[in-house]
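Below is one structure; the comments refer to it alone.
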Amino acid sequence: MIPLVLSPEVAAAQSDKRAIVALESTIITHGMPYPQNIEVAAQVEDDIRKTGATPATIAVLDGTLHVGLTSQQLSTLGQAKGVAKLSRADLAVCIAQGGTGATTVAATMIAAHYAGIQVFATGGIGGVHKGAEHSFDISADLSEFAQTPVTVVAAGAKAILDIPKTLEVLETSGVPVIAYGQDDIPAFWSRSSGIAAPLRMDSAADIAKSQLMRTALNLPGGQLIANPIPMEAEIAASTLDPIIAQAQAEADTQGVTGKAVTPFLLQRIFELTDGRSLTANIALVRNNARLAALIAQETINLTK
Ligand code: PSU
Ligand code: MN
C-alpha cells in the first residue's frame with residue numbers, strides 16, 4: 001500500500017540482518033550548497049560502509065518513499081531546485097500527491113522506523129528557535145523523539161537555536177538527551193555549550209542497550225545522542241556568536257518564517273564565515289555517521 005523502495009544495498013543488508021544507518025536528505029537539499037552537498041552525502045555513506053554497516057539515505061522521489069538512494073538518485077536530488085522539505089506533517093501528503101521531497105530529522109525517523117532501521121545519523125536537529133516565546137517556532141523534530149523509537153546521533157543543538165529551551169522541551173517529552181564522552185551538551189560547531197547534558201554515555205554498546213531497554217519497558221520514542229565535533233574542526237563560540245546574531249537579525253527584518261528559517265540561517269552563516277561553517281559541518285556529520293555505525297552494530301550484537 002505504501003510505495004516503498006529499498007535500494008539493493010539496503011535490501012541485502014536487511015535480509016542478512018546486518019547493521020544499517022539511516023541518513024536524512026534535507027541536509028543535502030536545504031542544509032548545504034551544491035556541489036559540496038552531493039560530495040558530502042557520498043563521503044558520509046562511504047564512512048558508514050568502511051565500518052561494515054550499510055547507509056540508507058531517505059527521500060521521497062516522485063511519490064515513492066526511498067530507503068537507500070543510488071548515487072544517481074543522490075546526485076539528481078542534490079541538484080534539483082525547489083525540492084520540498086518534508087517533516088511529519090508533509091510526508092504522507094507528498095507521497096499521496098506523487099511529489100518529490102527531502103526528509104527532515106522527524107520524517108527520516110518515521111521512515112527509518114517503518115523500514116525497521118533503529119539508528120540514524122545527521123548533523124543538527126531542529127529545536128526551539130530563539131524568540132520562540134513570540135514566534136512559537138519549535139521544530140517538529142522534538143516531538144518526534146517522544147514517539148518514534150530511533151536513536152539519532154547529532155552534534156548537539158545548533159547555536160541558532162535556544163539550547164536551554166530545547167533541552168526543556170525534550171525533558172518534558174521524556175526524551176533522553178545523552179552527551180557522548182563528555183559532560184557538556186555540544187553546540188554543533190563548538191564542542192561545548194557550557195550547559196551540562198542531562199545524561200552522559202561513553203560507549204556505543206551502552207547507547208544501543210538503553211534504546212533496547214526503552215522498548216522493553218514499553219516506552220515509546222527514541223534518544224538523542226549529542227556527539228561533539230572533532231577538536232580540529234571546531235569553531236569557537238565567540239567567533240560564531242556575532243555572526244549568528246547578525247543572521248538572526250536579518251531573518252527577522254526580512255520576515256523569514258516557518259520552514260524557511262533554518263535553511264536561511266544556515267546559508268547566511270555559511271556566507272558570513274566564508275565557508276568555514278560548512279567545513280566544520282562536514283567534519284561533524286562524518287563523525288556522527290561513524291558513531292551511529294558503531295551503535296547500529298552493537299544493536300545487532302545485542303539482538304542476535
Ligand atoms: N540543522 C542543521 N542542518 C540541517 C537541519 C537542521 O544543522 O540541515 C535540517 C534538518 O533536516 C532538521 C530540519 O530536521 O532542518 C529542521 O527544520 P525545522 O527547524 O524547520 O523543523
Ligand atoms: Mn520551525
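The values are calculated or read from the model by the stated rules, or taken from the named source; none is laboratory data. Bear in mind the structure is a predicted one, so any value in this text is a computation, not a measurement. For neighbour counting, all protein chains shown are included, and Cβ atoms are generated from backbone atoms with ideal geometry for every residue, glycine included.
Here are some notes:
- Residue match in the stretch 103-115 (condition: over 17 Å from the mean Cα position of the chain (by Cα) and either within 13 Å of ligand 1 (Cβ to nearest atom) or at pLDDT below 95 (or both)): no
- Residue pairs meeting the criteria (Cβ under 8 Å; at least 6 apart or on separate chains; first in contact (Cβ under 8 Å) with a residue 12 or more places away in the chain, in the stretch 85-99; second within 16 Å of ligand 1 (Cβ to nearest atom) and of a type in the set (Lys, Arg)): Lys85/Lys259; Ser87/Lys259
- Any pair with Cβ under 7 angstrom, 6 or more apart, that starts in the stretch 203-221 at a residue that is farther than 15 Å from Val150 by Cβ and touching a residue at least 40 places away in the same chain (Cβ under 8 Å) and ends at one that is assigned to a helix (DSSP H, G or I) and β-branched (Val, Ile, Thr): Ala204/Ile295
Conditions (1) basic (Lys, Arg); (2) outside any helix (DSSP H, G or I); (3) surrounded by fewer than 24 Cβ atoms within 10 Å (Cβ to Cβ), marked per residue:
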{"residue": "Arg49", "(1), (2), (3)": "yes, no, yes"}
{"residue": "Gly52", "(1), (2), (3)": "no, yes, yes"}
{"residue": "Ile58", "(1), (2), (3)": "no, yes, no"}
{"residue": "Gln72", "(1), (2), (3)": "no, no, yes"}
{"residue": "Ala92", "(1), (2), (3)": "no, no, yes"}
{"residue": "Gly98", "(1), (2), (3)": "no, yes, yes"}
{"residue": "Ala112", "(1), (2), (3)": "no, no, no"}
{"residue": "Ile117", "(1), (2), (3)": "no, yes, no"}
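- Answer residue from the stretch 119-172, given it is among the polar types (S, T, N, Q) and at pLDDT 95 or above and is nearest to Thr303 (Cα to Cα) among those: Thr151
- Residues that are of a type in the set (D, E, K, R) and either in a loop (DSSP other than H, G, I, E, B) or without any contact (Cβ under 8 Å) to a residue 40 or more places away in the chain (or both), drawn from the stretch 120-153: Lys130, Glu133, Asp137
- Pairing residues of the stretch 256-284 that are over 17 Å from Asp241 (Cα atoms) with residues that are crowded, with 17+ Cβ neighbours inside 10 Å and acidic (Asp, Glu), at Cβ distances under 8 Å and at least 6 apart in sequence or on separate chains, gives Thr257/Asp137; Gly258/Asp137; Val261/Asp137.
- Among the residues of the stretch 140-158, those that are within 11 Å of ligand 1 (Cβ to nearest atom) and surrounded by fewer than 24 Cβ atoms within 10 Å (Cβ to Cβ) comprise Ala140, Leu142, Ser143.
- The residue that is farthest from Lys85 (Cα to Cα), among those in the stretch 252-283 that are within 12 Å of ligand 1 (Cβ to nearest atom) and among the small types (Gly, Ala, Ser), is Ala280.
- No other residue among Gly123, Gly127, Gly101 is of a type outside the set (Phe, Trp, Tyr), more than 15 Å from ligand 2 (Cβ to nearest atom), closer than 18 Å to Ala260 by Cβ and touching a strand residue (DSSP E or B) at 6+ places or on another chain (Cβ under 9 Å) apart from Gly101.
- Condition met for Ser210 (among the hydroxyl-bearing types (Ser, Thr, Tyr), modelled with pLDDT under 95 and under 21 Å from Thr172 (Cβ atoms)): no
- Selection from the stretch 154-184 of residues that are charged (D, E, K, R) and part of a loop (DSSP other than H, G, I, E, B): Lys158, Asp162, Asp183
- Number of the condition not met by Gly82 [criteria: (1) outside any helix (DSSP H, G or I); (2) touching a residue at least 12 places away in the same chain (Cβ under 8 Å)]: (2)
- Looking only at the stretch 154-182, residues that are touching a residue at least 60 places away in the same chain (Cβ under 8 Å) and more than 23 Å from Gln267 (Cα to Cα) come to 1 in all.
- Some residue of the stretch 165-176 being within 16 Å of ligand 2 (Cβ to nearest atom) and surrounded by fewer than 22 Cβ atoms within 10 Å (Cβ to Cβ): yes
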